[in-house]
Structures are given as C-alpha cells and as structure tokens.
Amino acid sequence: MRTLDEKKISELVARLCIQANRQLPEDVIRALEAAERAEPWPSAQQSLSLLRENLDAARQRCLPICQDTGFTCVFARLGQDLHILGNFYEAIQEGVRQGYQRGFLRKSVVSDPLRRINTDDNTPAAVHVELVPGDQLHITVLPKGFGSENMSRLAMLKPADGLEGVRRFVLETVRAAGANPCPPIVVGLGIGGTFDQVAALAKQALLLPLDQSNPDPFYAALEAELLREINQLGIGPQGFGGQITALGLRILTLPTHVAGLPVAVNISCHVCRRASGIL
Amino acid sequence: MEYRLHTPLAQQEILRLRAGDRVLLTGTVYTARDAAHQRLIACLDQGAPLPFPLSDSVIYYAGPTPEAPDQVIGSAGPTTSGRMDSYTPRLLEQGLRVMIGKGDRSPAVRESIRRWGAVYLAAPGGAGALLAACVENVRLICWEDLGCEAIRELQVRDMPLLVAIDSEGQDLYTEGPAAYLSHRDEK
Ligand code: SF4
C-alpha cells in the first residue's frame, strides 16, 4: 500500500493557498479577456481593463489579486488505497496556516461567529473529503471571498416551481447581489439533494472550468440560458452598468426527494480562485 | 468628467463631482472597516478624542493583506461599504466628507451624503494589487490589535476612483445600469 507523509500534504496545501491567491486559473483569465472584448458599454469596458491590469500587477509584485484572501475551502479526493502517515485533517490545517503566513495572505477567520476573535492564521479551513478509488490524493484549494459569499442564497422550492422557479431564484439572487460581489461574477448553481447537500453542490460548481459545460445537454442548455439572462440584467462590471454581469455559470445536480426542489446559488466574484495539485 | 484631486478636498471640489466622474486621488486616506468603525463610534459616544480628525479626512474601507518585507503594503482593495452604513451618518454629521469603498449604500447614507454635501467614491472591487501600486507610504495610526482592520494612514498617488454617490444624492449604482439598459433598448 502506498504511504504518504502528512508533511507532504501540508506543503502542497500551503503552496496551493499562495498560488490560488496570486494567479487566476487559465479558464477564468480567458473568460475575463473575452468579457473585455464583448463588453459594448465603454465605462464597463474600462472597469474590465482595470481588472486585467490588476492581474498583471499581482503577478509582477507577487501580491494577492484581492486583499480578501478568503475563507479557505479545501476539496480533497482521497484514494482509498492510500495510507496517510499522521493526521490528515490537521495536515491540511497546518498547510493553510503555513501558506497564509508564508504568502503574506490576510487572516480573515474568527474563531466564533458571535464573539469574533481572529484566529490569526486563517484556520480552520472548510475541508471536503471524497473517498475515491486509487492511491492518489488530489487537492483543490478555493479561497472564498465573503463579499460574494454573503450574497449567496439557498431556497427549498416546491416541485411545482420547477425550472421556472429555479430560473427566477437565480435571477433574483444575482439582482439582489448587485455590486456587492464585485461583478463580473461566477455563479455556482446547485439543484437537488438535501438542504445541506445543495449548498455544497453550489460551492463545488465553482470548481468547474468556465470553458466547459454540463455533460447533460439539458443542463448545458440551462447553463447557457441562465448566463444569457443574467447578462441582460444590466448590472455590469462593478455594478455600474454594462452587459457583462457574469463570466460563467455552472450547474451541479443531485437526486432529490419527491416533495422537494432544493436550489442554492453560490456567487463568486471575478477573482474566482482555485488551484489544484496531486500527491 | 475626469479630475485629478489632492487631499484635503475643498468643499467646492466635492460639490462639483457628479456620479460617474472619474477621479485620480492623491494624498492621505485613512483605512477603517467594521471593527474600527465600531470603535470610532464608541469614541464619539464617550466624548473621547478620535485617532484622526474626521473633517477634511478621507476614509477608505479597506483591510490590506500583510506586506512582505520589501513591500510598502499588501493587496489593498476596497471592502463592501454597506457594512459600514449604520455608522456612516454619524461620521458625516461629525465632519467626514469623503468615503472610498465598493458597493451601494443604504437610502439613509445616500440622504446624509446629500445633506452634508459629501461624496462616496468607488474603488475597483477585487483590484487589490493594482490599488496597492498606488500606495506610496503607510503609517499605523491606532488599534493594532485589530490586525488588518487597524487604522492606517496611506499616502496614495493617482488612486483610480469613480464617483458613486455625489453631493446631490445621484447614485451610479442605480443610474449606471439604468443608462446602459436604456441605451441598449434604444438600439
Ligand atoms: S468579493 Fe471577491 S473580489 Fe470582491 S473583495 Fe471579496 S474576494 Fe475580493
């Protein structure tokens, strides 16, 4: 059986925290570039070009793209034949601790939601683990900014609300979010499952590349249609008007109960960060 | 219109700004966000002296990332201003005239901006690295225990801003999208 030392996990997580915060994934960069070309409204186009300059500045100066370096969400796909030497969860937290220290990232986590004392090392991260066949460990780090997290919403719709209900909920959520999530946004849409599952689905949808679409043609068409409708709202980059309100929308679904239609919209800003690595 | 402005801003300069104008701001701004606002209000309640004078000052809603040894400041973009809405009218009443942040404000804040002839400027949200490049000097003013939320005095040069709410209460967050939509639908 293959073994893996906990230190390796910490090292990888630390590196991914820094990388995700300084450099956007290629598909998001391409989506931003395409947005700048497509945007017909001059002031909106200017806003988009500032965002491009910002990415250059971050790279040249080794700075985080945004000062909200997020609540760290870690997604691990753990091969069931891999034996970990040490404490898996603690190794991930240690990686976050090291990455946020070494990368001069902002520590934005409080230990208690009401008493609000900063933990000073950005832990604990939210860790999602999926057990998969094989003996590898695949890790993705998604630092989630709260300007956009705060504008995310969940609804337990009725089955009778159907597609139209989902559509309305998505558009209402994006409209209500307005300028706060730093548009252009990326939308992760979860549909189905249970109350808790649907929120996780919406977050996981933010891990999907923007230049691909849902393998199911029904949902691929829905992704395209909802994106088109969002980009008719007129909110625009920074919320000052324009065509490009969203860069992309991805959907994940799960089977659900006969009596329910859970739907969750997780909004990300244009700083749609994620970085992955394999051990 | 596009203006190059230096702090402190004269009252006529503020009154002349219209929602949608571009501003390149040079001079001194003070960072303050949620926790610092709470303490500023507590100072006012207790009649204690404020760590910096509110009149003639510019407040920037920002909590930068820590700076590396060779940097003046870390990433330093704006945070969501709406979280400061409940404190803002009180600060405007005490002489504050210029705020920088991102996102729209409550009707009460818009009204007190109009009432006091103030202005709310928007910095590009999510452009923390670009905005860091505008910062030439940083000095910690107080409340270091708040970490990134401590009040810092920044010397900025040509900070790229947009007038979001002007002294007449015009609001680019409603008028900007409306202007785009009516232009689009005319075509
Ligand atoms: S919403 Fe995103 S871009 Fe805006 S401040 Fe938060 S992390 Fe940065």
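When B:Phe52, A:Phe218 are arranged by Cβ crowding within 10 Å, least crowded first, meaning fewest neighbours, the order is A:Phe218, B:Phe52. In terms of its Cα atoms, the stretch A:97-139 spans 42, 26, 9 Å along the principal axes, sorted from long to short. Take each residue of peptide B:57-68, count the partner chain Cβ atoms within 10 Å of its Cβ, and average: the result is 3. The equivalent ellipsoid that matches the C-alpha gyration tensor of the protein assembly as shown spans semi-axes of 37, 28, 20 angstrom, in descending order.
Look at A:Leu208, A:Leu154, B:Leu40, A:Leu254 and count the other Cβ atoms within 10 Å of each Cβ; fewest to most, that gives A:Leu254, A:Leu154, A:Leu208, B:Leu40. Over all projection directions, the Cα-based convex hull of chain B averages an area of 10.7 nm². Using alpha-carbon positions, what is the distance between the centroids of the stretch A:63-87 and the stretch A:110-131, in Å? Value for the Cα centre distance between the two parts: 13 Å. Sort out the exposed loop trypsin sites (Lys or Arg not before Pro) in chain A (DSSP loop, at most 16 other Cβ within 10 Å) and tell me the longest stretch that has none. It works out to A:117-279. The stretch B:49-121 and the stretch A:224-251 have Cα centres spaced 28 Å apart.
Taking only the C-alpha atoms of the stretch B:58-164, Rg followed by Dmax gives 13.9, 44 Å. Computed with the Debye formula from one identical point scatterer per Cα of chain A, without solvent, the log10 of I(q)/I(0) at q = 0.13 Å⁻¹ comes to -0.90.
Please order A:Phe169, A:Phe88 by the number of other Cβ within 10 Å, starting at the fewest.
A:Phe88, A:Phe169
Looking at the protein assembly as shown, the DSSP beta bridges with both ends there are about 55 percent antiparallel.
None of the figures in this text is laboratory data; all of them are computed from the coordinates on show. None of these values were measured; they are calculated from a predicted model. Positions of Cβ are backbone-derived with ideal geometry, glycine not excepted, and every protein chain shown enters the neighbour counts.
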